[in-house]
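Reviewing the structure listed below.
The values are calculated or read from the model by the stated rules, or taken from the named source; none is laboratory data. As the structure is a computational prediction, the values presented were derived from the model and not from experiment. Don't worry about glycine lacking a Cβ; one is built from the backbone with ideal geometry, like all the others, and counts go over all protein chains shown. The accessibility values were calculated without ligands, DNA or RNA, using every heavy atom of the protein model including side chains. Shrake-Rupley method; radii C 1.70, N 1.55, O 1.52, S 1.80 Å.
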Amino acid sequence: MDQEQQLRNLRDFLLVYNRMTEICFQRCSSNFNYRNLTMDEERCVDDCAGKLIRSNHRLMGTYVQLMPRMMQRRMEEIETKAAENAKAAETSSAATMTPQELQSPQPLVTPTDT
């Protein structure tokens, strides 16, 4: 794995981690009078983080299953569009030819003819 991909993976992980921390803090932290979490807050944070991690795993599993089909469909769309563009280019080049060019093909000049 190249360094750029590793950096992207780290950035994605940190974004998910920071978002999870923010969500669980907002849901679970209610008493700021003490330095440590209360038992209720600790249980809430464990449940919240566990739920988000399980959700993330399910999402990634679904993504891994669907990605090959999505890529195949995208490749088919690209191939279809390329074929349409080639056909349009062929049609437009034929439309710019004069009627004489369409009726009589130009003779090929070979080096022995000159």
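Here the range 19-92 exposes an accessible surface that is 56 percent carbon and sulfur, computed with a 1.4 Å probe and the other protein chains kept in place. Per residue, the range 27-75 exposes 93 Å² of solvent-accessible protein surface, assessed with a 1.4 angstrom probe and all protein chains in place.
Full extension of the segment from Asp2 to Glu42, taken as 0.36 nm per residue of separation minus the current Cα-Cα distance, would add 10.5 nm. Applying 1/(1 + (r/R0)^6) with r as the Cβ-Cβ distance of Ser30 and Leu10 and R0 = 35 angstrom yields a FRET efficiency of 0.60. Computing FRET efficiency as 1/(1 + (r/R0)^6) for Ala83 and Arg58, where r is the C-beta to C-beta distance and R0 is 41 Å, gives about 0.60. Spin-label pair Met70-Ser93: with each label point 7 Å from Cα along the Cα-Cβ axis, the two points sit 3.7 nm from one another.
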